[in-house]
1. Out of Thr24, Thr39, report the one residue that is under 20 Å from Asp59 (Cβ atoms), among the hydroxyl-bearing types (Ser, Thr, Tyr) and part of a helix (DSSP H, G or I).
2. Return the pairs, sorted by first residue and then second, in which the second residue is surrounded by 10 or more Cβ atoms within 10 Å (Cβ to Cβ) and modelled with pLDDT under 75, the first residue lies in the range 9-29 and is among the hydroxyl-bearing types (Ser, Thr, Tyr), the beta carbons are less than 9 Å apart, and the residues are 6+ apart or on different chains.
Amino acid sequence: MPGTESDTADDYLSDVDPTGESVTAVVTGEAVSDAALRTQVERTVARVREIAGVADVPDPYTPPASQPVTDGP
């Protein structure tokens, strides 16, 4: 809504980084291997991916692809 604090913050963030905002979620209190936690995290990731305007939500249980190592330029 124009003129709100949220709108002002969005304008500021757009000026600072025009590529968009980034959000990081941290889950604490349970072991990462806990089956119930994993189910909840996977459900939440799926729901966030459905939000309009969300570009990418990586799966926290899938390691990123490794980068090839090269010698020299």
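The values are calculated or read from the model by the stated rules, or taken from the named source; none is laboratory data. The structure presented is a predicted model; accordingly, all values stated were derived computationally and were not measured. Cβ atoms come from the backbone with ideal geometry, glycine included; neighbour counts cover every protein chain shown.
1. Values: Thr24 fails: part of a helix (DSSP H, G or I).
Going through Thr24, Thr39 in turn, the sole match is Thr39.
2. Ser14/Gly20; Ser14/Glu21
For (1) of a type in the set (Asp, Glu); (2) in contact with a helix residue (DSSP H, G or I) (Cβ under 8 Å, 6 or more places away or on another chain); (3) modelled with pLDDT of 90 or more; (4) surrounded by fewer than 11 Cβ atoms within 10 Å (Cβ to Cβ), each residue gets a yes or a no:
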position	(1), (2), (3), (4)
Thr8	no, no, no, no
Asp17	yes, no, no, yes
Val23	no, no, no, yes
Gly29	no, no, no, yes
Gln40	no, no, yes, no
Glu50	yes, no, yes, yes
Thr70	no, no, no, yes
